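The values are calculated or read from the model by the stated rules, or taken from the named source; none is laboratory data. Just so we're clear, the structure is a prediction, and the values are computed from it rather than from any experiment. Here the Cβ is made from the backbone with ideal geometry for all residues, glycine too, and neighbour counts use every protein chain on show. Just the protein is used for accessible areas: all its heavy atoms, side chains included, with ligands, DNA and RNA removed. Shrake-Rupley method; radii C 1.70, N 1.55, O 1.52, S 1.80 Å.
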Amino acid sequence: MKRRTFVKNLTAASLLLGNAASALSAQMTQRIEPAVATPGFMPDIEIILRAVLGPADMLEGAATQLWRFTGEIMKGDRSALSFLDGSGHIPLIRVRRGQRIRIHFENQLPEQSIVHWHGLNIEQRMDGHPMYAIEPGERYVYEIAIDNRAGTYWFHPHPHERTSFQVYQGLSGMLVVHDEQEDALNLPQGEHEIPLMIQDRTFDGDNQLVYIGNMRHNWMMGFSGDYVLVNGRVGYSKTVPRTAHRLRIINTSNASLYNLRWSDGANFRVIGTDGGLLESAVEQFALTLGVGERVDVWVDFSAQTAGSSVHLLAESYTPSLQNFTAEQGGATMQDNARPIASFQFDSAEAVPVAPPTQLSIYPALSEDEAGNSNAPRGVRISMMRGSFYLNNRTFGGMHDVPEENVVKLNSTEVWEFANDASMGMGMGMGGMMQMAHPMHVHNVQFKVLSRTRQSGQSALHQHLSAGFTDYGLKDVVLVLPGEKVRVLMKFENHTGVYLYHCHILEHEDLGMMQNFRVEA
Ligand code: C2O
Ligand code: CU
Ligand code: CU
């Protein structure tokens with residue numbers, strides 16, 4: 001099937017109309033009053049963050065009209081809020097572990113919204129669960145005591161059935177946490193620390209965004225765009241000195257996954273993943289990033305020649321693992337991967353830096369602590385008759401927690417995500433039912449214990465798995481068709497209702513999501 005044919009058949013108007021009904025039904029579920037500032041909280045940093053309609057320069061020529069964040073610092077360190085170089089519309093919030101942050105989120109969109117802090121261990125009311133979605137014109141005040149390790153986290157809207165649309169329209173941001181352990185390592189910082197947010201988009205002839213229509217089939221496939229943007233920009237490029245850099249790479253596309261490599265064939269030196277720094281660096285040739293995954297890379301450009309450049313190359317895959325790099329316009333083909341970011345080297349003298357060896361020490365999660373190591377909590381991923389299920393359930397009521405989705409506070413558990421590749425065969429849709437699902441759990445960081453495959457390894461599976469970053473602590477793990485992935489996590493600090501879901505945003509909106517409750 002041609003991806004391009006279904007990318008075309010829609011208008012933004014049909015989307016808005018089609019979803020007005022479901023937005024209304026969401027509204028009729030019980031109303032929760034938006035959180036307000038509590039006088040005793042005493043924030044170190046206070047930010048106003050607005051979701052608004054506004055333009056950004058994503059391509060040469062006309063500006064693209066987006067739904068985007070704007071904001072200001074009301075109190076504390078001015079550098080806590082900036083915008084990524086590129087189109088300038090993607091916010092970066094920079095905080096330190098132990099800081100208290102108050103964020104006034106103001107919804108100036110024409111529909112409900114709420115912001116989720118992806119990767120943070122946080123109390124339920126601050127997590128941005130869709131039950132807290134606020135109306136246009138309303139404010140929701142987040143008060144967060146940052147208790148995560150130094151690392152690259154992010155934030156995005158999470159209103160039920162509208163997450164995919166709102167993120168696509170331009171609403172996502174990066175959240176960087178620093179801590180003392182990281183300070184001591186002297187990693188590249190300031191202009192030598194480069195955040196790279198990867199997203200794909202399709203544009204019409206007037207540089208405006210094109211999304212998929214309401215047809216359920218399109219949503220099942222997930223949206224993959226014609227262009228891969230870095231920091232909101234098509235053709236991102238940056239002039240850098242020939243020395244060590246730290247790249248914080250994150251895939252915040254709606255559905256696509258990427259296989260990344262350097263144009264000069266160098267290895268990536270991975271120093272961190274979703275939940276922060278690793279204990280020691282890992283070298284690998286390629287990086288495979290599903291939606292929501294982050295990787296922290298250390299790179300020394302000192303052996304490069306002044307005036308030359310290297311490119312970060314990406315192969316793009318749809319969730320059904322079609323490599324669609326070749327279909328894309330405006331790209332120089334190079335081995336089926338195309339450059340998405342270019343680094344040009346300035347004429348300053350090269351300054352080699354020894355790579356860091358020992359990185360971070362953090363409390364190890366041990367499988368021995370898990371009570372259910374022999375009988376992991378299973379999460380079976382399946383699709384039937386155009387619907388998406390986790391354990392044969394689609395997302396129920398906003399507040400409904402299935403009986404078996406209850407975990408104990410301070411317990412350590414093994415979960416097993418099983419992507420049954422045989423599901424849905426014979427439904428007349430061929431290979432589309434076999435999809436890679438990036439599975440995400442709110443409120444925890446987990447350790448990937450194992451990955452097993454039902455049948456023999458395909459060449460594509462081998463190619464993609466060579467780029468997996470299954471180390472350190474993670475909150476998203478990509479589960480390929482036919483795979484079982486076991487993860488280990490501990491439910492700490494907060495009781496309440498949280499979510500786990502597929503992070504293909506269209507799948508999440510179609511109900512591939514479940515509440516779970518952490519109980520004392
Ligand atoms: Cu990044 Cu429930 O989300
Ligand atoms: Cu999340
Ligand atoms: Cu999925």
### Alpha carbon centroid spacing (whole Å) that separates the range 203-260 from the range 430-495
22 Å
### Task
Note the per residue figure in Å³ for the convex hull of the C-alpha positions in the range 190-345.
128 Å³
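How large a share of the accessible area of the range 367-519, in percent, is made up of carbon and sulfur atoms when the probe is 1.4 Å and the other protein chains stay in place? List each step's numbers first, then the result.
Values: 2570 of 5490 Å².
Ligands and nucleic acids excluded, carbon and sulfur reach 47 percent.
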### Summary
So, over other residues within a Cβ distance under 15 Å of residue 509, counting Lys, Arg +1 and Asp, Glu -1, the net charge is -2
### Query
Simple spin-label model, 7 Å along Cα-to-Cβ: residue 351 to residue 387 in nm?
6.0 nm
### Share, in percent, of DSSP beta bridges within the chain that are antiparallel, nearest 5
75 percent
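Return a whole-number percent for the relative contact order of the range 367-519, with Cα pairs under 8 Å and 6 or more residues apart as the contact set. Could the numbers behind the result be given before it?
Details: 323 pairs, mean separation 52.1, N = 153.
The normalised contact order for the range 367-519 reaches 34 percent.
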### Query
Per residue, how much accessible area does the range 145-268 have with a 1.4 Å probe, in Å²?
25 Å²
## Note on the structure
Checked against a 26 Å limit on the C-alpha separation, the offending pairs among 447/484; 238/474; 408/474 are 238/474
### Summary
Computed over the Cα atoms of the chain, the Rg and Dmax in Å are 21.6, 63
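Mind giving me the FRET efficiency for residue 36 and residue 408? R0 is 30 Å, r the Cβ-Cβ distance, nearest 0.05 is fine. Let's see the in-between values first.
Values: r = 31 Å, r/R0 = 1.04.
The calculated FRET efficiency here is 0.45.
Would you mind computing the Rg to Rh ratio of the range 111-268 from its alpha-carbon coordinates, Kirkwood style for Rh?
Answer for the range 111-268: 1.00.
Per 0.36 nm of contour for each residue apart, how much would the distance between residue 399 and residue 452 grow if the chain were fully extended, relative to their Cα-Cα spacing? It would help to have the intermediate numbers written out before the result.
Details: separation 53, 0.36 × 53 = 19.08 nm, distance 3.37 nm.
Net length gain for the segment: 15.7 nm.
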## Note on the structure
Neighbours of residue 125 by Cβ distance under 11 Å: Lys/Arg at +1, Asp/Glu at -1, summed charge -4
### Query
For the range 375-520, what ratio Rg/Rh do Cα atoms give with a Kirkwood hydrodynamic radius?
0.96
### Alpha carbon centroid spacing (whole Å) that separates the range 96-111 from the range 263-317
30 Å
### For the range 31-183, Kirkwood radius (reciprocal of mean inverse C-alpha pair distance, Å)
15.7 Å
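Taking 0.36 nm per residue of sequence separation and subtracting the Cα-Cα distance, how much length would be gained by fully extending the chain between residue 216 and residue 263, in nm to one decimal? Before the final figure, lay out each step's value.
Details: separation 47, 0.36 × 47 = 16.92 nm, distance 3.81 nm.
Once the chain is fully extended between residue 216 and residue 263, it gains 13.1 nm.
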#### Entry: Relative contact order, percent, the range 46-108 [alpha-carbon distance under 8 Å, six or more residues apart]
42 percent
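So what's the net charge close to residue 167: Lys and Arg +1, Asp and Glu -1, counting the other residues with Cβ under 14 Å from its Cβ? Could you put the intermediate results ahead of the total?
Working: positive: 68, 162, 201; negative: 111, 161, 200, 506, 508, 509.
Value of the local net charge: -3.
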### Query
Considering only protein heavy atoms and a 1.4 Å probe, what is the carbon-and-sulfur percentage of the accessible area of the range 149-210?
41 percent
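Counting pairs of alpha carbon atoms under 8 Å apart in space and at least six apart in sequence, what relative contact order in percent does the chain give?
Details: 1362 pairs, mean separation 75.2, N = 520.
Value for the chain: 14 percent.
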### Query
What nm distance separates the two modelled labels at residue 302 and residue 239, each placed 7 Å from Cα along Cα→Cβ?
2.3 nm
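Based on DSSP H runs of at least 4 residues, each adding -39500 (n - 2.57), what is the mean residue ellipticity at 222 nm of the chain after dividing by all its residues, to the nearest 500 deg cm²/dmol?
The per-residue figure over the chain is -2500 deg cm²/dmol.
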